[in-house]
Amino acid sequence: MLETPKANRLHIAIMGRRNAGKSSLINALTNQDLAVVSPKPGTTTDPVYKAMELLPLGPVMFVDTAGVDDTGDLGRLRVEKTLQVLNRADVVIIVVSVDQPPGAWEEELVQLAKKKGLTTLGVVNKVDLSDLTGAGVQRCLGWFSAREVPAVGVSALQRQGIEELKRILIKHLPNHWLDAPIVGDLLSPGDLVILVAPIDESAPKGRLILPQVQVLRDILDHRAMGLTVQDGELKLALEAVKTRPRMVITDSQAFARVAGTTPVDIPLTSFSILFARYKGDLESSLAAINNLHGLAPGQKVLIAEGCTHHRQKKDIAQVQIPKLLDARVGGPLEYSWVSGGEFPRNLSEFQLVIHCGACMLNRREMLYRVSLAREAGVSMVNFGILLAYMHGVLDRAIQPLSKRWELRGEIL
Ligand code: SF4
């Protein structure tokens, strides 16, 4: 299994004074004991790089640094190395301890990070020493706020406030990190991709839907070739082309039919599954499938769509998914639907959230929704993954993404 190349990981530098709790913060964020923690100031000397999966963001590189207030000749060398980390970081998290409010050291860090155009966040650590409404915490948060640095109070030791920190991180992710290809990284120039776009009563009049258009555009951007057909013409298209298609991408509604027509040696996936990877967190969506076994009639399920499109008679969200799911669990579930920008802040009443491919939402918004589900301990699955599973083709539909997954060092 290949590791994600270091350069492809979001680099998050954790900086601050000695003993502000930088190493403890990394441990709390990753929910592991990766960084050596010691009450003795100055335990971290040279910058330490830790490659991690930070859910729901994906592969990141934490850089644990020496305190910026290190002293002596060696200490000054260490501070120099710490500041050099700013040349490689995408995000800087400045950590202060509530009993050691921000001052000149932090001011220098904020100014340096801003000069380099880095996403900068503040963490007020050890709120367990005060309480979150305490004057000390508020003073520290106010200091960051006056410099337009989003900040949050946490207790790394007691792992409080960590989900909120992840949320502000998602909210302020650098734009360059959000711009991933939809499918282009799985293709080589000249590859042929067949797109299956059924034109039925649910298709809008006179045009393709946005996920189909975006996938086709991404194929063209990567100098590959796209051939779009309806499912009825797929067999004809497969016979007509001289080049073996690199993959077939279908609308999830036609999964069963398309899987039957496409030879097993041709990779097959769906627009929605590609979007689960592009916009959200494929890993947690796949994990949610395992939790379907625990669903029982009468439990609450939320179905979310990222836009308010015109609903049709056999609508996938209103009709098809509930019908399949009810049949699977052996009785009716209690469904709620949301669309567009509406999405409940508290998901704890639901047993399962089913989300569309979210072509109309940006990745930041989707990661935010994934983080709300994680916080509430609720499984969240994507339409395409659910439908592929229901039709018994999930393994096959995920396989074409394995190149990317291997690159990300993850296991399917
Ligand atoms: S936002 Fe969701 S429901 Fe709307 S077109 Fe995109 S994938 Fe479909």
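The values are calculated or read from the model by the stated rules, or taken from the named source; none is laboratory data. Remember, it's a predicted structure, so these values are computed and weren't measured experimentally. Here Cβ is always computed from backbone atoms with ideal geometry, including for glycine, and neighbour counts include all displayed protein chains. All accessible areas refer to the heavy atoms of the entire protein, side chains included, with ligands and DNA or RNA removed. Shrake-Rupley method; radii C 1.70, N 1.55, O 1.52, S 1.80 Å.
Restricting to the range 279-338, count the residues that are touching a Ser or Thr at 6+ places or on another chain (Cβ under 6 Å) and under 12 Å from Leu386 (Cα atoms).
Total satisfying the criteria: 2.
Can Ala287 be described as under 25 Å from the mean Cα position of the chain (by Cα), away from the ligand (no atom under 16 Å from the Cβ) and open to solvent by 10 Å² or more (accessible area, probe 1.4 Å)?
yes
Of all residues in the range 59-94, which are open to solvent by 10 Å² or more (accessible area, probe 1.4 Å), in a helix (DSSP H, G or I) and among the polar types (S, T, N, Q)?
The answer is Gln84, Asn87.
Name the residues in the range 300-319 that are away from the ligand (no atom under 16 Å from the Cβ) and in contact (Cβ under 8 Å) with a residue 60 or more places away in the chain, would you?
Lys313
Of (1) farther than 17 Å from Gln399 by Cα; (2) more than 16 Å from the ligand (Cβ to nearest atom); (3) modelled with pLDDT of 95 or more, Leu216 satisfies all except one. Which?
Leu216 satisfies every listed condition except (2).
Considering every residue within the range 220-229, establish whether at least one is farther than 27 Å from Pro56 by Cα and free of Cβ contacts under 8 Å to residues at least 24 places away in the same chain.
Within the range 220-229, one or more residues are farther than 27 Å from Pro56 by Cα and free of Cβ contacts under 8 Å to residues at least 24 places away in the same chain.
Return yes when Ala151 is at pLDDT 90 or above and open to solvent by 20 Å² or more (accessible area, probe 1.4 Å) and no when it is not.
Numbers: at pLDDT 90 or above: yes; open to solvent by 20 Å² or more (accessible area, probe 1.4 Å): yes.
So Ala151 passes the test.
Mind listing whichever residues of the range 249-278 are away from the ligand (no atom under 15 Å from the Cβ) and in a loop (DSSP other than H, G, I, E, B)?
Thr262, Pro263, Val264, Asp265, Ile266, Pro267
Looking only at the range 98-117, count how many residues are in contact (Cβ under 8 Å) with a residue 40 or more places away in the chain and either closer than 25 Å to Ile170 by Cβ or in contact with a Ser or Thr (Cβ under 8 Å, 6 or more places away or on another chain) (or both).
4
Going through Pro322, Pro332, Pro297, Pro344 one at a time, which residue ends up being without any contact (Cβ under 8 Å) to a residue 24 or more places away in the chain, away from the ligand (no atom under 11 Å from the Cβ) and over 30 Å from Val264 (Cβ atoms)? Break it down stepwise before answering.
Values: Pro332 fails: without any contact (Cβ under 8 Å) to a residue 24 or more places away in the chain; Pro297 fails: without any contact (Cβ under 8 Å) to a residue 24 or more places away in the chain; Pro344 fails: without any contact (Cβ under 8 Å) to a residue 24 or more places away in the chain.
Result of the check over Pro322, Pro332, Pro297, Pro344: Pro322.
For the subset of the range 1-58 comprising residues that are assigned to a helix (DSSP H, G or I) and at pLDDT below 60, which member is most open to solvent (accessible area, probe 1.4 Å)? Even if it seems obvious, please write down each step before you answer.
Initially, the range 1-58 is screened for residues assigned to a helix (DSSP H, G or I), giving 6-8, 22-30.
Filter once more, keeping what is at pLDDT below 60: 6-8.
On the way: Lys6: 108, Ala7: 93, Asn8: 92 Å².
Ranking the qualifying residues of the range 1-58, first place goes to Lys6.
Here are the criteria: (1) open to solvent by 30 Å² or more (accessible area, probe 1.4 Å); (2) assigned to a loop (DSSP other than H, G, I, E, B); (3) more than 29 Å from Leu54 (Cβ to Cβ). Tell me which single one Ala327 does not satisfy.
Among (1) open to solvent by 30 Å² or more (accessible area, probe 1.4 Å); (2) assigned to a loop (DSSP other than H, G, I, E, B); (3) more than 29 Å from Leu54 (Cβ to Cβ), the lone unmet condition for Ala327 is (2).
Just give me the residues in the range 196-213 being open to solvent by less than 60 Å² (accessible area, probe 1.4 Å) and either away from the ligand (no atom under 15 Å from the Cβ) or of a type in the set (Gly, Ala, Ser) (or both), in sequence order.
Val196, Ala197, Ser202, Ala203
Does any residue of the range 387-397 turn out to be within 16 Å of the ligand (Cβ to nearest atom) and open to solvent by 10 Å² or more (accessible area, probe 1.4 Å)?
No, the range 387-397 has no match at all.
With the condition kept exactly as written, say whether any residue in the range 124-139 is within 29 Å of Ala358 (Cβ to Cβ) and either touching a Lys or Arg at 6+ places or on another chain (Cβ under 8 Å) or aliphatic (A, V, I, L, M) (or both).
The answer is no, given that none of the residues of the range 124-139 is within 29 Å of Ala358 (Cβ to Cβ) and either touching a Lys or Arg at 6+ places or on another chain (Cβ under 8 Å) or aliphatic (A, V, I, L, M) (or both).
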